[in-house]
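Trainee: The structure under discussion is supplied below as structure tokens; questions concerning it will follow.
The values are calculated or read from the model by the stated rules, or taken from the named source; none is laboratory data. Computed from a prediction, not measured in an experiment: that's the story for all the values here. Heads up, the Cβs are rebuilt from the backbone with ideal geometry, glycines too, and the neighbour counts pull from every protein chain shown. The protein model used for the area step is the full one, side chains on, heavy atoms only, and it has no ligands, DNA or RNA in it. Shrake-Rupley method; radii C 1.70, N 1.55, O 1.52, S 1.80 Å.
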Amino acid sequence: MAANRQGAGVQAERATDVGARLSALLDFVLDRNAFHRRRLQGLDLDAGAPFNELPPLTKGELVDDQAVHPPFGTNLSYQLGEYVHVWQTSGTTARPLRVVDTAGDWAWWRELFAHTLTVAGVTPEDRVALAFSFGPHVQFWASHEGLEEISAMAVPLGGMTSVQRLQTIADMAVTAVWCTPTYALRLLEVAVEQRLEAALESVRLVICTGEPGASLPGVRSRIEEGFGGRCVDHAGLTEAGPFGYPCPEGHGLHVLESEFVCEILDEDLRPAPIGQRGELVLTPLRRFGFPVIRYRTGDVVVNTDERCPAEHEGRWLPGGIVGRTDDMVVIRGMNVYPSAIEEAVRRESGSGEFRITFYTEPGGMDEIKLEVELDEGSGARHLQDIMRQQLGLRVRVVPVAAGMLPRSDGKARRVVDERVRRSP
Ligand SMILES: [Zn+2]
């Protein structure tokens, strides 16, 4: 048995093509990992149960497992002593999930971040400012490692105000800024308020992550105009790894299919039709310590069979992440994604921060209110018409004065749900 175990591990690490990597991964988890062995029990993998019949995995299952087996759960393929990093997911609603990495798995993160940076055009000559706090979330640490891997300089901006960050960017002639799209817009706003626009002169690239924004054309063009540089997007999840690298020519994201089995599924967990939205479901092929198989990311993407304009390797997600399954709200039978409303707001000239409130009218109908900071003379009515014509949504647009709505230094919280819950 011991020799067998060793065999599965070595085989999994050495496999090169996708099919071999996948079957080695499945052999490995059945052999080593109590969590997956329990889940896949009864499915005859040896008899070739098709991959797409394996049950998709949710974050809730991992969280529940950790509640029953604290603190790390049973999704551990090795003894605890083999693990060198622990992360917490940033979950805004559910309990946080702890995810652990071995040195080998961390090397995999590093390699994939280095790939993302290379595609984004970052070189050893760059000084890249990381506008994140040094927290229990994987993003800052993996960004730092990726920069080291390609020999670029990391400039940490944790524990600073936005003004101090602008000053640091200017003092060190930073060439790239890495942050959430919400924070990129916030930094621009502070630069204008404080008359520090010149601080951003050396910046030629903004790398965005953590939110759908940077793949929305309206958001991207605002960032690019404000910084006078290019804006690229990338995406990752603590549970699944850094799966999305930017397409500098076609925009949106790519998934490296040598590293991830990528599926896009509809609400019934069947492949989403071409041209339709679906949930991204991923299987990272080389993360062995905390493996996930057919993991439901909660990220909504568009399923296309087109190659990107630059013919890059791997599946193309044309609009990047277009929303989150848990962001979607059904209003009067229509699926409403806050990111679609954001895109319309960002395209409206003279618009600033915004807040979306879903609420129930006294008559019982669910409605949408959009508060948006608008310059005088900018059109609330125009925005209302756009929502109706382009999104088919009736939205009450309420203009508010600049600076009235809350700002965020990280991921934005722009959606308020005040709908009355009815019993079924
Ligand atoms: Zn591409």
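Trainee: May I ask you to list pairs of residues, at least six apart or on different chains, whose Cβ atoms are under 8 Å apart, with the first in the stretch 260-271 being touching a residue at least 12 places away in the same chain (Cβ under 8 Å) and the second being of a type in the set (F, W, Y) and assigned to a strand (DSSP E or B)?
Mentor: F260/F243; C262/F243
Trainee: Residue check: is V281 away from the ligand (no atom under 16 Å from the Cβ) and crowded, with 19+ Cβ neighbours inside 10 Å?
Mentor: Criteria met by V281.
Trainee: Among the hydroxyl-bearing types (S, T, Y) and out of contact with any strand residue (DSSP E or B) (no Cβ under 7 Å at 6 or more places or on another chain), is that true of S408?
Mentor: Considered against the rule, which asks whether it is among the hydroxyl-bearing types (S, T, Y) and out of contact with any strand residue (DSSP E or B) (no Cβ under 7 Å at 6 or more places or on another chain), S408 comes out as yes.
Trainee: Among the residues of the stretch 385-403, write down those that are within 19 Å of Y359 (Cα to Cα) and either open to solvent by 50 Å² or more (accessible area, probe 1.4 Å) or within 28 Å of the chain's Cα centre (by Cα) (or both).
Mentor: Those that are within 19 Å of Y359 (Cα to Cα) and either open to solvent by 50 Å² or more (accessible area, probe 1.4 Å) or within 28 Å of the chain's Cα centre (by Cα) (or both): M387, R388, L391, G392, L393, R394, V395, R396, P399.
Trainee: Please find, among E373, E353, E418, the residue that is open to solvent by 80 Å² or more (accessible area, probe 1.4 Å) and in contact (Cβ under 8 Å) with a residue 12 or more places away in the chain.
Mentor: After applying the criteria, what remains is E418.
Trainee: Here's another thing I want to ask about it. Can you name the residue in the stretch 302-335 that is under 30 Å from T360 (Cα atoms) and not in a strand (DSSP E or B) and is also farthest from the ligand (Cβ to nearest atom) among such residues?
Mentor: Result: R332.
Trainee: Restrict the check to the stretch 221-229 and report whether at least one residue is among the aliphatic types (A, V, I, L, M) and under 22 Å from L253 (Cβ atoms).
Mentor: Within the stretch 221-229, one or more residues are among the aliphatic types (A, V, I, L, M) and under 22 Å from L253 (Cβ atoms).
Trainee: Look through the stretch 58-91, keep the residues that are free of Cβ contacts under 8 Å to residues at least 24 places away in the same chain and farther than 26 Å from T325 by Cβ, and return whichever of them is nearest to the chain's Cα centre (by Cα).
Mentor: V84
Trainee: Within the stretch 108-227, considering only helices (runs of 4 or more DSSP H) that don't extend past its boundaries, which have at least 2 residues that are open to solvent by less than 10 Å² (accessible area, probe 1.4 Å) and in contact with a Cys (Cβ under 7 Å, 6 or more places away or on another chain)?
Mentor: Output list reads 181-193.
Trainee: Restricting the search to the stretch 229-238, which residues are surrounded by 24 or more Cβ atoms within 10 Å (Cβ to Cβ) and touching a residue at least 60 places away in the same chain (Cβ under 8 Å)?
Mentor: Passing the criteria: V232, D233, H234, A235.
Trainee: Determine whether the stretch 336-351 contains at least one residue that is under 27 Å from P242 (Cα atoms), within 16 Å of the ligand (Cβ to nearest atom) and of a type in the set (D, E, K, R).
Mentor: no
Trainee: Can we say R127 is charged (D, E, K, R) and closer than 30 Å to G159 by Cβ?
Mentor: Yes, satisfied.
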